[in-house]
Structures are given as structure tokens and as C-alpha cells.
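Engineer: One structure, as C-alpha cells, below. Some questions next.
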Amino acid sequence: MASVARRPLPEEQPFAIHQDAVTDEIEMGDDPEQRTEEIRAPEEEEVMASIESSEAESSEAESAAPTHVVRDMERLGDDIPGFREKYRLIKRIGEGTFSTVYKAEDLQYDRYLNEWDIEEKEATKWVPPPVRRTQDDRDDHFRAQEQPRRRPKYVAIKKIYVTSSPARIYNELELLHVLRNCASVCPLITAFRHTDQVVAILPYFRHADFRDYFRHMTITDTAIYLRSLFTALESVHAHHILHRDIKPTNFLYDPATKRGVLVDFGLAEREGTDARPCLCHESPTVRRRRAEMSVAGQAGPQQGYPKADTRPSRRANRAGTRGFRAPEVLFKCTEQTTKLDIWSAGVILLTILSRRFPFFNSADDVEALVEIATIFGTKKMKAAGLLHGCVLETTIPTIGLGGFNLEKIILWSTCRTDGGKDGQGQPLDAEEKLAVEFLNRCMDLDPSKRISATEALQHDFLKLPEKGLPGYEEEDLDDEMDFVTV
């Protein structure tokens, strides 16, 4: 069985216990053992309660799992040698086109260096120093002392389907390894292969279902959510990597801790992979000349399409989830950049502000273009098509020339245009308008004008969460309050 090495703990060195001489200060003071027990008792109770609740949750999950899921979990444990000694499968937490993800307990957590465990680092509590004891009961105490039970540690086990190409599997694992130290990006713990089955071990992050909380998010909550997402995108894009599948289910967010993690790099690729020159990277003069020389530019708009089209087919990477694909992906741009992830993040923001999920619900690329054209209008969509050497023509009467602005779309979606108590609508407040301005920067049809992840983190909208985060301090107002009383 091939595997990626997981770093074991360094071997423990033998040590000698230094015995302090008994002093009058220790003998005359209160019993230190009693004070230590009083301090540790609540912590031990908390640990035991956490363990019991985790075990109860695991048993409920196992009993509630469908029969076919339990059968698949048992087959996975049987097919890979030594799997049951390392992990205990609990339940299935996700299923996609290329893989299935299970929640499992890491049974050998204490044997390895676990630098990936962020929760363990943050949950580290102060432990009082060991109690000084007399020589008579020191040996008896250490012999009778039992090792306290720790909280069970969970991981996410990604079972990649055997139908996936080896190149795709290797690409995903390599990119996860490259991004292992990036903020808000799910790291790779280890991976192993047995015959044709590849399994990746990832940290398990507690998160909530996007559909359960997005309608209740305030503007500040939205800014915190997006700040975490764009922090991950900044790290990914800094390595010139396109995620290609930004959507709520691939950004695991916990509203309680306000922490999000970007996962699922199955469609990710390095920028420039299989790229060919596209007009969107040429100057406006070159694009205008190419459009005038094209067949559509010379013949003008025509009804329908050529019956015997002799033009060569255009091939480009169209990977992604419907409803979140950027216009350049739908227009089959052959030189796509990291800006396509920014569009997808903008769709998430539009979903939150409009309280509608999914916002775009097209069945194919043509319907997706129609949905986008309904909002932005045919004039802007035709210009966007010409950026990539495409001509957009439509006779759908509901698609206007100028489209609508995103502020009006949000007011319509949230029923705030009119019909209130006083017969008037409820306009957007200052923070909501700031969010819409940021949304316009994310959903620019021209990818070269679209905001980058680094620029987004400097935007005033994503700076709103700073007031709600721990450790935030208001600006010093001493200068404003410094006045002289006569």
C-alpha cells in the first residue's frame, strides 16, 4: 500500500525527576493538592462530558445511517489493509461526482505530529504546575495516577472514485500539499493508495449547512464570511492556482466560531494549464479589428444558426458548478485566470443579499448566459462576448438592452421595493450599499476589471468585521477629547 508519510512524534528521551527539598513554606501553607484538584475538577468534567457527547453523537450517526452507506463504509474498511486500526468510520458527510467523504475518528492521533489541528492549538488551556509531594507518597502517586482520556479527534476521509483519472487525483493531492500552510485552506494530512483505490485524509471542520443560516446573516456577518473566503482565495491565487468550484458547499463555515475553510480542490488547476491566446488579453484596437473581420461582423445579425457550420469547434475548460460559472467560462475563454473564482464568490454574496438560493438555476451554458443577460442587459453581454471572440444574439423579449442594477435586483428579491406599512419601499442602508458596491466589483463581466482577492481584502466592506472580531480596539479619541477648561 503506497502512502504519503505522516510525521511521527519524536522519540521520548528518558528523564530524571528532580526532587526539591521540603521547605517550611510548603509545610505551613495550604494543601496544594487540594487546590490543584479544585482547579482541575471542572476541566476534567468538561473533557469527560465532551467525550460522552461525542460518543453519543457517533452512535446515533451510525444507527441512523442508511443501509447502503453502512455497507460502503464496511467495504472501505475491509478493502484497505490496516485501515480499521487507524480510523473508525462514523458517517458519510458528503458525496460528489468524483468522491465520497466520511467523518471518522483518528485512532492514532497521539502517535503523530498534528500541526494541522487548529482547534487543538486554540483550545490549549493553562495547566497548573505539578504538585510538590513528600518523598514517602511520591512513588505511590505516580504509580496510581492514570492517564486522562482526551477528546476524540475527527478527520474527513475522502474516498476518490476509481473512475477518476490518475492525473486528476495526482493534481488534487499535489495542490493540497502546496497549499498546506495557507490560511483558511483545508490542509492535507496524508494520503494512501491500495491497488486502484486512493484515499485522502483531511481535517474535519465543524460547520453548518449554508441553507440554514444564510437568510439570517446580517451585513457584518456577511462581511466576516466573505473576509474568510477571500483570505483563502488570496492564498490560493498567490500560488497561481484556480479553484474553479467556489460555492457555499465547498466553503465550510461555522457561524458560531466565525471560521471558514475552503475545501475540494478536485477541479483546481494551475493558472495557464492548457491555455491558448484569447482576445480578452489583447488591446481594444485588436479586438475591434478582429470583430469587424469576422463573419458575424460582416454579415450582421442573423436569425438562427448556420445549418452546415464549417468553423472549427472551440475547446476550453468549462469545469465548475452550474449557477456559479463566470461569463468567460460560459464563453469558452481559452486563457482563463483566477478572476473566475472572484465571480463565483460574488454569486455567493448575491445569494446572501437577495436571500435566494440558488440564485442562478440554469440547466446548461446557454440558459446560464440568458440568466446573466437578463440582469446585465444585452448591450453589456454582447461586449463581454466580443472580449472572447464570441457573438451573442437573442430575441427573447424579456431581456432588455440595459438590464437592471444589482441594487434593484436585491430590493426586488427581498420585497423591499414597495408595499410596506406606509406604502413605500425600504431602501438600502449605508452598509448594504457598500456591500452592493463591492458586489459590482466582484461581478464585472470583464475579468480584467474584476477585483482581485488582495484588493478585496482592502475594500471597506470587508473591513466591517474588524469591529466585531476579538481584540478590536476603538481608535484613540484622546486628541478629540483634549480640550482646555478655563
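Engineer: Quick check on region 61-92: of everything there that is surrounded by fewer than 17 Cβ atoms within 10 Å (Cβ to Cβ) and touching a residue at least 60 places away in the same chain (Cβ under 8 Å), which residue is nearest to K159 (Cα to Cα)?
Structural biologist: The residue in question is D79.
Engineer: Does region 191-201 contain at least one residue that is surrounded by 13 or more Cβ atoms within 10 Å (Cβ to Cβ), at pLDDT below 95, among the hydrophobic types (A, V, I, L, M, F, W, C) and out of contact with any Leu (no Cβ under 9 Å at 6 or more places or on another chain)?
Structural biologist: Yes, the conditions are met somewhere in region 191-201.
Engineer: Still on this structure, I have one more. Taking the condition of being in contact (Cβ under 8 Å) with a residue 40 or more places away in the chain and in a loop (DSSP other than H, G, I, E, B), how many residues in region 386-403 meet it?
Structural biologist: Residues meeting the conditions: 6.
Engineer: Is it the case that region 355-364 has a residue that's assigned to a helix (DSSP H, G or I) and surrounded by fewer than 20 Cβ atoms within 10 Å (Cβ to Cβ)?
Structural biologist: Within region 355-364, none of the residues are assigned to a helix (DSSP H, G or I) and surrounded by fewer than 20 Cβ atoms within 10 Å (Cβ to Cβ).
Engineer: So, one more: What is the residue count in region 427-462 for residues that are buried (at least 16 other Cβ atoms within 10 Å of the Cβ) and over 18 Å from I348 (Cα atoms)?
Structural biologist: 1
Engineer: Can you go through T351, T334 and tell me which one is touching a Lys or Arg at 6+ places or on another chain (Cβ under 7 Å) and touching a residue at least 12 places away in the same chain (Cβ under 8 Å)?
Structural biologist: T334
Engineer: Moving on to the next point. So if I check each of A345, A383, which one is in a helix (DSSP H, G or I), modelled with pLDDT of 95 or more and small (G, A, S)?
Structural biologist: Answer to the check: A345.
The values are calculated or read from the model by the stated rules, or taken from the named source; none is laboratory data. What you are looking at is a predicted structure, and each value in this text was computed from that prediction instead of being measured. We place every Cβ from the backbone using ideal geometry, glycine too, and count neighbours over all the protein chains shown.
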